[in-house]
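Engineer: What follows is a single structure, and I will ask about it in a moment.
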Amino acid sequence: MKIRLLQTFILSFTFSSVFPQFFDESQSPLSVKWRQIEYSGFKIIYPSELEKDAQRMANTFAHTYPTVGKSLKEYHTIIPILLQNQGTSSNGFVQLAPKKSQLYTIYPQQFDSQDWLNNLTVHELRHVAQFNKLTGKSGFPFPEEIYFGYIGASTPLWFLEGDAVSTETALTYSGRGRQPNWIMPFRTSLLEGKKFAYSKAYFGSEKDITPGYYQLGYLMNSLLQKEYGTDIGNQLLSDLNKRPFRLYPFSQSLKKFTGKNTKNYYLQTLESLTQDWINQAKKNRSIDYVSLNKKTSYATHFYLPTQLPNQNILVIKQSKSETPGFVTISPDQKEKILFKIGYQEQPWYSYGNNKIVWDERREDPRYKQRSYNVICTYDFETGKKRQLTHKTRLFAPSLSGDGKKLIAVKIDLSNQHNLVLLDLETGKIIDSLPNPKNYQLQTPALNLDGSQISWISVSEEGKSLWLRNEQKTEVLISNTRQQLSRPIFFNDRIAFNAHYSGIDNVYEIDPASKKISALTASKYGAFNASFTDSGKTLLFNDYKLMGHEVAKTNITPTEIQENSFVYYGQETQKEDYVFANVPDSTFSSKPYSPLKHMFNFHSISPTADDAVERVGLQLKSDDLLNTTSFYAGVTYESSLRRVEYNAGFKYKALYPVINLGYRNRPRLAYYRFQNAIRQAQWREDYISLTTSLPLSFNSFNHNFSFITEAGTYYVNRHFNAVDASRLISTIEFPLTYRFGFTHQIRSAERDIAPKWAQAIELKYQHLPFEQNLTGKLFALESYLYFPGLAKNHTLLASFNYQQNNGTFRAVNDIPVVYGYNQIAATSLLKNTLLLNYRFPFLFPDLEIGPFAYVRNVRATLFSHYENIGHQNNLAQPKTFGLELRSDMNLLRYQPIADVGARLIFVNKNYNQNPIFELLFNYYF
């Protein structure tokens, strides 16, 4: 099997998803009414409910961009920015192909101590400046997809993201660079003597907690700027532009200015960080708490420990090999799984009087820009769980200690934030607390009987801790840059998370005196307090090398230790603060019509098929709202030495997706005439129309999807006079139908296939409008996944069946046995049974110099059957064998290469030697 190097090269420069976190193809519902504001190079597109925020951000973008781009010498830009309010995920990104930025207005429940959209503005506009520096504001016609590939191939993500975090920290009084818990995993690993290889720190691990490229990038960028000045980023990106076609281009540019390549500068960074953090640890009087959970050999988190009446400890457990779920830990450290849960933005639940409440994300079945955050409940007495609310935008639900009252944060489509009380039986809102200044609200809590409420508010001035009772509402801590989070009542006080000592710990405040005391003194970080019934013992998360562990301590308040945090960013002077003096102008806005902007040409890109036998160029268009795609191009087919012309149009705004295609293509075929084999060459017009309805949704840890599709096509063949008299020149509108259903439970990071899943697909084709041709095709595909003998092992049983005749007699439309194309067929294909047992067995995290970083090694044992009941029986597989594969990063590029080999043994009836195949694929 060929290793298709040319294909890899072409695809590396044409895939538009080089940065998976920067790319989105989902749509918003048709009900959204879009508006736009154009000002100072920014085209702000937003739902009508966000008029107030859009006006504010129009002022903010124009005012801040010259400062954000200053160190890269980028002062002006032209870019569309979409404000998205339909979803419940907190995110923001910049992309090319097409060029745009998207800001999601929902903020995280444990976010930074500043306004969410302000933080996004600095971070994402820095990416805009980076992209402009590397590609220019505009270029030779339609270059964006190639530019996007070039950025991914030339510039490591740790630099792009680290530079953006450095900027967000230096130009504001907050930013992630000032948060000890954000760099906590990196600090912990170094102080525990784990100096990971550069590739492992950058690309991650399936067994250890690694720094992450955001944190790694921030620290390396900050040290670069301290040592070489704030212009170093500009110098590096400028040098990349001058010499783009090099192996490891960024590393070579870095060596030019610093004398060290990326690996060596990383090692220098480790030495500097280690010494700084050792000195910091000496200043902190920390306690080594005993863990109440079992030790693990791979990263495992036991979030939010709470003691139950039977003395067991309730946690949300999540690890590299397990999906999140509720687990109880007995005093002798035995674990019992209660049930698994769905996706959460952040681990969260609240316990009160034998009840649990937590929040989960739910997706809209069709329009993936829209999602909801719902509240779920579990009753220990009945053993039943249920989804309490539906289609809501509720976050951080919290129970009173007696389990009778429920409070949560509600965020509506206009970005209004309120604390709401809900009925525990119906989920309906029964009361809402006023929030006239529209502070962003986080992690509310109720006391034992629900008569008092505490919560965190966030504004551009900082975070505040509030207390409300029947008499008054007061601020206990006002406008601090501390990472206040998760207040909880105990006795007559409130405990909360903060980082007064430069390390996150649990603190308490006396509402009467407002005195703050420390309750823990963790070496790396302590979070998520809960208290026993007596109120004398504190349970909490103590962060260690393998994750958030469970610890306990007696409640002994102590004085706050001196802040010893090591800050690596640029100090923010008053004149540096980017949000000072933002204007408050009002701009004219107007409706934005997606239909009027459906064509947005952005790229002329090379294309290639799997075998690089069809290569070409395509002009591409995608509108800014992901509703319309169009392409037109030419393709050279090397086997025929002819050119194909093609075009396609996809409309995704409606509930069904409509796909229209046209190809004027060369064809070659052989046919029998007068007992001789003849060759025919012709061109044909092929027009296709497909309508599909893709639906998917989730419920707890179960995911479901449906696809219904119907299509037709028309073929008009242009034969020469001789072939035209012998062959059919048109195929008129055969109909094709497809229906698919999939169900699977949520997968863990180490799972290489679903543990438990079912997928069925039915296909049918026929020719109801054709007078000269007959034929039908029916095909069934099924995939059943079962848990294997150990964690992350999976058994796949796939039975597939087809029945075809007439025109479709020679069509194979079902999965075939491994090696099928290399084994001479003895009969037409009727069915297959494919049995694959897959399992990972090695997680080496092996760095092979700059050439490869090996993440895992996994195997598949397979036994494949064909034409059961016709030719073979279950005792005689047609093929069987072994497959070894590995995920790795090649040449220090972000895309993951799937590299392996397959040895196929063939049933002796076929007189076939064993087949050896090399396997290569990659994904993002």
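Each reported figure results from applying straightforward, stated rules to the coordinates on display, with no laboratory input. As the structure is a prediction and not an experimental result, all values here were calculated from the model. Don't worry about glycine lacking a Cβ; one is built from the backbone with ideal geometry, like all the others, and counts go over all protein chains shown.
Engineer: Given the Cα-Cα distance of residue 275 and residue 559 and 0.36 nm per residue of separation, how much length would full extension add, in nm?
Structural biologist: Roughly 99.6 nm would be gained on extension.
Engineer: Can I ask one more? Restricting to Cα atoms and excluding each atom paired with itself, what does the Kirkwood estimate give for the chain in Å?
Structural biologist: 30.8
Engineer: Once you have a ≥ b ≥ c as the square roots of the Cα gyration tensor eigenvalues for the range 338-431, tell me rounded if a/c is under 1.5, and otherwise prolate or oblate according to whether a/b is larger than b/c.
Structural biologist: Oblate.
Engineer: Consider just the alpha-carbon atoms of the range 8-154 and return their Rg together with their Dmax, both in angstrom.
Structural biologist: 15.5, 47
Engineer: Would you work out if the range 460-542 is rounded, prolate or oblate? Take a ≥ b ≥ c from the square roots of the eigenvalues of the alpha-carbon gyration tensor; rounded if a/c is under 1.5, else prolate when a/b is larger than b/c, oblate otherwise.
Structural biologist: In terms of gyration-tensor shape, oblate.
Engineer: Can you compute the helix-only [θ] at 222 nm over the chain? Use -39500 (n - 2.57) per DSSP H run of at least 4 residues, normalise by all residues, nearest 500 deg cm²/dmol.
Structural biologist: Here the helix-only value at 222 nm equals -5000 deg cm²/dmol.
Engineer: Here's a follow-up. Amide H to amide H, which residues 5 or more places from residue 852 or on other chains are under 5 Å from it, using H placed in the peptide plane?
Structural biologist: Hits under the 5 Å cutoff: 891.
Engineer: For the pair residue 674 and residue 797, what calculated FRET efficiency results from E = 1/(1 + (r/R0)^6), where r is the Cβ-Cβ distance and R0 = 51 Å, to the nearest 0.05?
Structural biologist: 0.55
Engineer: Using θ = phi - 60° and the Karplus relation 6.51 cos²θ - 1.76 cosθ + 1.60, list the HN-Hα couplings for the range 656-663 in order, rounded to whole Hz, with x at every Gly or Pro.
Structural biologist: Calculated HN-Hα couplings, in order: x, 9, 10, 10, 10, x, 9, 9 Hz.
Engineer: In percent, what relative contact order does the chain have, based on Cα pairs under 8 Å that are 6 or more apart in sequence?
Structural biologist: So the answer I get is 10 percent.
Engineer: Taking the Cα atoms of the range 331-518 alone, what are Rg (to one decimal) and Dmax (as a whole number) in Å?
Structural biologist: 17.0, 53
Engineer: Taking the alpha-carbon set of the range 160-248, what are its Rg and Dmax in Å?
Structural biologist: Looking at the range 160-248, its Cα Rg and Dmax stand at 14.5, 42 Å.
Engineer: Using just the C-alpha positions of the range 604-677 as equal point scatterers, what log10 of I(q)/I(0) does the Debye formula give at each q in 0.12, 0.17 1/Å?
Structural biologist: Cα-only, vacuum Debye calculation for the range 604-677: -0.47, -0.75.
Engineer: Hey, another quick one. With viscosity set to 1.002 mPa s at 20 °C, what whole-number translational diffusion coefficient in µm²/s follows for the range 624-738 from Stokes-Einstein and a Kirkwood radius over Cα pairs?
Structural biologist: For the chosen part, D equals 125 µm²/s.
Engineer: Take the Cα atoms of the range 114-178, build their convex hull, and give its volume per residue in Å³.
Structural biologist: In the range 114-178, the Cα hull volume divided by residue count equals 85 Å³.
Engineer: What distance in nm lies between label points placed 7 Å from Cα along the C-beta direction at residue 412 and residue 660?
Structural biologist: 4.1
Engineer: Which loop-located trypsin sites (Lys or Arg not before Pro) does the range 499-545 contain, where loop means any DSSP state but H, G, I, E or B and the Cβ has at most 16 other Cβ atoms within 10 Å?
Structural biologist: 514, 515, 536
Engineer: If you keep only loop residues by DSSP, which GluC sites (Glu not before Pro) in the range 386-465 have at most 10 other Cβ atoms within 10 Å of their Cβ?
Structural biologist: When the GluC sites (Glu not before Pro) of the range 386-465 are filtered for loop state and at most 10 Cβ neighbours within 10 Å, 425 remain.
Engineer: For a protection proxy built on the mean count of beta-carbon atoms within 10 angstrom, sort 100-106, 685-691, 431-437 highest first, please.
Structural biologist: 100-106, 685-691, 431-437
Engineer: Mind checking the full-extension length gain between residue 810 and residue 231? Use 0.36 nm per residue of separation minus the Cα-Cα distance, one decimal, nm.
Structural biologist: Taking 0.36 nm per residue and subtracting the Cα distance, the gain is 202.0 nm.
Engineer: Starting at the first residue of the range 908-924, write each ³J(HN,Hα) from the Karplus equation 6.51 cos²θ - 1.76 cosθ + 1.60 with θ = phi - 60°, in whole Hz, x for Gly and Pro.
Structural biologist: 4, 5, 8, 6, 10, 5, x, 10, 10, 10, 8, 10, 8, 8, 8, 8, 10
Engineer: Evaluate the charge dipole of the chain about its Cα centre and quote only its size in Debye, nearest 20, assuming +1 on the Cβ of each Lys and Arg and -1 on the Cβ of each Asp and Glu.
Structural biologist: 1740
Engineer: Same structure, new question: Express as a percent, rounded to the nearest 5, the fraction of DSSP beta bridges in the chain (both residues included) that run antiparallel.
Structural biologist: Bridges in the chain are about 95 percent antiparallel.
Engineer: One-quarter of the Cα convex hull surface for the range 866-924, in nm²?
Structural biologist: Dividing the Cα hull surface by four gives the mean projection, 5.4 nm².
Engineer: Go through the range 828-843 residue by residue and turn each phi into a ³J(HN,Hα) via Karplus (6.51, -1.76, 1.60, θ = phi - 60°); whole Hz please, and just put x for glycine and proline.
Structural biologist: Once θ is set to phi - 60°, the couplings for the range 828-843 become 5, 6, 10, 7, 9, 10, 10, 10, 10, 10, 10, 7, x, 9, 8, 10 Hz.
Engineer: Still on this structure, I have one more. Which value, in debye to the nearest 20, describes the size of the charge dipole of the range 306-356 about its Cα centre when Lys and Arg Cβ atoms bear +1, Asp and Glu Cβ atoms bear -1, and nothing else is charged?
Structural biologist: 80
Engineer: Right, next: Per 0.36 nm of contour for each residue apart, how much would the distance between residue 601 and residue 695 grow if the chain were fully extended, relative to their Cα-Cα spacing?
Structural biologist: 31.0 nm
Engineer: By DSSP, what percent of the beta bridges with both residues in the range 8-154 are antiparallel, rounded to the nearest 5?
Structural biologist: 55
Engineer: Placing one identical point scatterer on every Cα of the range 267-334 and ignoring solvent, what is log10 I(q)/I(0) from the Debye formula at q = 0.13, 0.26, 0.27 Å⁻¹?
Structural biologist: One equal scatterer on each Cα of the range 267-334 leads to -0.59, -1.08, -1.13.
Engineer: So for the range 678-718, Kirkwood radius off the Cα pairs, Stokes-Einstein at 10 °C and 1.306 mPa s: how many µm² s⁻¹?
Structural biologist: Answer, rounded: 116 µm²/s.
Engineer: Using 32 Å as the Cα-Cα cut-off, could you pick out the over-long pairs in 70/255; 405/552; 437/523; 405/437?
Structural biologist: Table pairs above 32 Å Cα-Cα are 437/523.
Engineer: If packing is taken as the mean number of other Cβ atoms within 10 Å per residue, what is the order of 206-215, 821-830, 598-607, highest first?
Structural biologist: Ranking, from highest mean packing down: 206-215, 598-607, 821-830.
Engineer: Regarding the range 786-924, what whole-number volume in Å³ per residue does the convex hull of its Cα atoms give?
Structural biologist: Cα-based convex hull of the range 786-924, divided per residue, equals 140 Å³.
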